[in-house]
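The values are calculated or read from the model by the stated rules, or taken from the named source; none is laboratory data. No experiment lies behind these values; they were computed from the predicted model shown. In this analysis, Cβ positions are derived from the backbone assuming ideal geometry, glycine residues included, and neighbour counts consider all displayed protein chains.
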Amino acid sequence: MKPLPILIQSSSLSDSRSTARVTARVDALAKRLHLALELVNGSQMPPGLDEETLQQDVHNSGGLLFLILTGGTEKNTLEAIQKYRARAVGLVAHPEFNSLPAALEIAAFLNGHGTAVKLVQLSQAALLHQHGGDAHEFVGLVRAFEARRQLGTTTAGCEEKTRTRLGLVGVPSPWLLTSAALDEARIQNGWGVKLVNIDMKELQTEIEKTPTDEAVKSIANDIIQNAQQELPPVVDLERCLQVRCGNDSGCKCCCGANGVVPEHVTEAARVYKALEAIVQRHRLTAFTIRCFDLLERPLVAGCLAVSLMNDRGIVAGCEGDVHTTITMLLARAFVPQQASFMANPVEIDIKTGRVLLCHCTVPRTLCVSYTLDSHFESGLSVSLAGNVKVPLDGRVTIARIDATRNLVFAAEGTIDSAYPKQTNQCRTQVMVMLEKSDATTMLENPLGNHHVLIAGGCASAFCAYAKLFLQNTMEKTI
């Protein structure tokens, strides 16, 4: 992806050497944080960027980002916002040269005139790369603009300008009440996501005609060889594909392996290849699947295929849940090249802040190890029981959006790796420690069941995105 432009604003009265020093520090900070930013001086456009290109970039994302270097830049910044018709504005200030006073004045004016604005101030410690220098809000602001640019445009009703296509493979499962009545136009205009309806029979037919070829066998072998267990040889294939015998049933084909045999994994790999064909045929960026229907035909759980898709860069959701799949799309933009995990919160303790997340579709890249088990509710087929690893920075994010009401929940916490696994829940189980207030919000003001677990702290990006792009001010100008 091309760098995100950030317009430098400085007074003609300021000392150019001093402001150049601050600009260089901001540029160095962005590089340390792996942010693809292009600092742009309005009077000296860099190669490959002209006013027309910048105008198109603002049109696509709906927003414009500014580095307020000095005071006395209020009027010029406002004129640039009007010139490029920005509907959302990000302001980055720093502690010198009256940068923050100018940014405060600009933000106040924009707030009063219906333009969404997010202001962050970089600390001196962050700019000098000193201990304790926190640039969390800065990262969140930049990631929010990047995500908006990736997801789509703010132009209502222009399908050809919508880059993100989310496939609904089958209608949402009946228990997902929040996904049952979707306003597709509102989702496209508000989030830049085009919903593509795909009949479940198309996938079922695709699975049936997918051969057990070398590609399928290679996928299955990789999953089996990297699991922390050995699968027994199959004796009665037809029986093993239809029932979970259990360790005390006397069935020789599956004893000691949670009812899973290699053929279960091969069948799941065929589902993955069939979904791959659906993704290519419909040019999908992401999809969510009514996966429980696969347990009836062709008697295979979709868990492993969903896990593989997320690992390979295609965002995949469960049970036809649109809201959580869009949450996963945002997560992919906020933490690039990183899969996320859709799960059920099965326990929320507001006294301690403990939240237990469980599901059967965890991406393997999020795990230090995994075993293969059956699908929890049905006891059929195969799913992943993963041991989710602790991220390098120790932080994780739990998030969920409501794509119809333009609401966002995001909270950061840590993983309790010592939590003992239970047999009466979905196979992958992760205990997360949140602030008590965040756990209370999850329980008392829920946006729905499924939430998304993201490796790394990105709550600030979700909050910035909500403030900038989910305010109902898109029709207003200044």
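Could you check the stretch 350-390 and list, in sequence order, the residues that are surrounded by fewer than 19 Cβ atoms within 10 Å (Cβ to Cβ), at pLDDT 90 or above and in contact with a helix residue (DSSP H, G or I) (Cβ under 9 Å, 6 or more places away or on another chain)?
Ile350, Lys351, Thr352, Arg354, Thr365, Ser369, Lys389
Residue by residue through the stretch 391-423, note down the ones that are out of contact with any Ser or Thr (no Cβ under 6 Å at 6 or more places or on another chain) and of a type in the set (Val, Ile, Thr).
Across the stretch 391-423, the qualifying residues are Val396, Thr397, Ile398, Thr404, Val408, Thr414, Ile415, Thr423.
Quick check on this structure: which one of Arg405, Arg400 is basic (Lys, Arg) and either closer than 22 Å to Gly302 by Cβ or in a strand (DSSP E or B) (or both)? Before you say what the answer is, go through the steps one by one.
Working: Arg405 fails: either closer than 22 Å to Gly302 by Cβ or in a strand (DSSP E or B) (or both).
Selected residue: Arg400, the only one of Arg405, Arg400 that is basic (Lys, Arg) and either closer than 22 Å to Gly302 by Cβ or in a strand (DSSP E or B) (or both).
Could you look through the stretch 202-242, keep only residues that are outside any helix (DSSP H, G or I) and surrounded by 18 or more Cβ atoms within 10 Å (Cβ to Cβ), and pick out the one that is modelled with the highest pLDDT?
So the first thing to find is which residues in the stretch 202-242 are outside any helix (DSSP H, G or I), and the list is 210-213, 227-236.
So of that shortlist, the ones also surrounded by 18 or more Cβ atoms within 10 Å (Cβ to Cβ) come out as 210, 227, 231.
On the way: Thr210: 96, Ala227: 91, Leu231: 79.
Once the filter is applied, the top-ranked residue is Thr210.
Okay, residues lined up against (1) over 30 Å from Gly192 (Cα atoms); (2) assigned to a loop (DSSP other than H, G, I, E, B); (3) not assigned by TED's automatic domain parsing to the domain that holds Ala333:
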site	(1), (2), (3)
Ser378	yes, yes, no
Glu412	no, no, no
Lys421	yes, yes, no
Met442	no, no, no
Pro446	no, yes, no
Val452	no, no, no
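Considering only the stretch 377-415, how many residues are charged (D, E, K, R) and within 16 Å of Leu356 (Cα to Cα)?
Final tally of qualifying residues: 4.
I'm trying to understand the selection: among the residues of the stretch 406-429, which are hydrophobic (A, V, I, L, M, F, W, C), surrounded by fewer than 16 Cβ atoms within 10 Å (Cβ to Cβ) and under 22 Å from Cys360 (Cα atoms)?
Of the residues in the stretch 406-429, the ones hydrophobic (A, V, I, L, M, F, W, C) are 407-411, 415, 418, 426.
Right, trim to surrounded by fewer than 16 Cβ atoms within 10 Å (Cβ to Cβ) and you get 407, 418.
Scanning the stretch 406-429 gives a single hit, Ala418.
Would you check which residues across the stretch 402-430 are among the basic types (Lys, Arg) and in contact with a Leu (Cβ under 9 Å, 6 or more places away or on another chain) and list them?
Matches in the stretch 402-430: Arg405, Arg427.
Taking interchain pairs and intrachain pairs at least six residues apart, which have beta carbon atoms under 9 angstrom, with the first residue in the stretch 25-37 and under 13 Å from Phe138 (Cβ atoms) and the second in a helix (DSSP H, G or I) and basic (Lys, Arg)?
Partner pairs satisfying both residue conditions: Leu35/Arg143; Leu37/Lys31.
Which count do you get for residues in the stretch 380-391 that are polar (S, T, N, Q) and outside any loop (DSSP other than H, G, I, E, B)?
Total meeting the criteria: 2.
Please enumerate the residues belonging to the stretch 182-193 that are in contact (Cβ under 8 Å) with a residue 12 or more places away in the chain and surrounded by fewer than 19 Cβ atoms within 10 Å (Cβ to Cβ). Reasoning before the result, please.
Let us first name the residues in the stretch 182-193 that are in contact (Cβ under 8 Å) with a residue 12 or more places away in the chain, namely 182-183, 185-193.
Selection gives Leu182, Asp183, Ala185, Arg186.
If you take the residues in the stretch 100-145 that are surrounded by fewer than 21 Cβ atoms within 10 Å (Cβ to Cβ) and of a type in the set (D, E, K, R), which one is farthest from Thr285 (Cα to Cα)?
Taking the candidates together, the pick is Glu105.
Check off (1) surrounded by fewer than 19 Cβ atoms within 10 Å (Cβ to Cβ); (2) of a type in the set (Val, Ile, Thr); (3) in a strand (DSSP E or B) for Val432 and give me the number that stays unchecked.
Only one criterion is unmet by Val432, namely (1).
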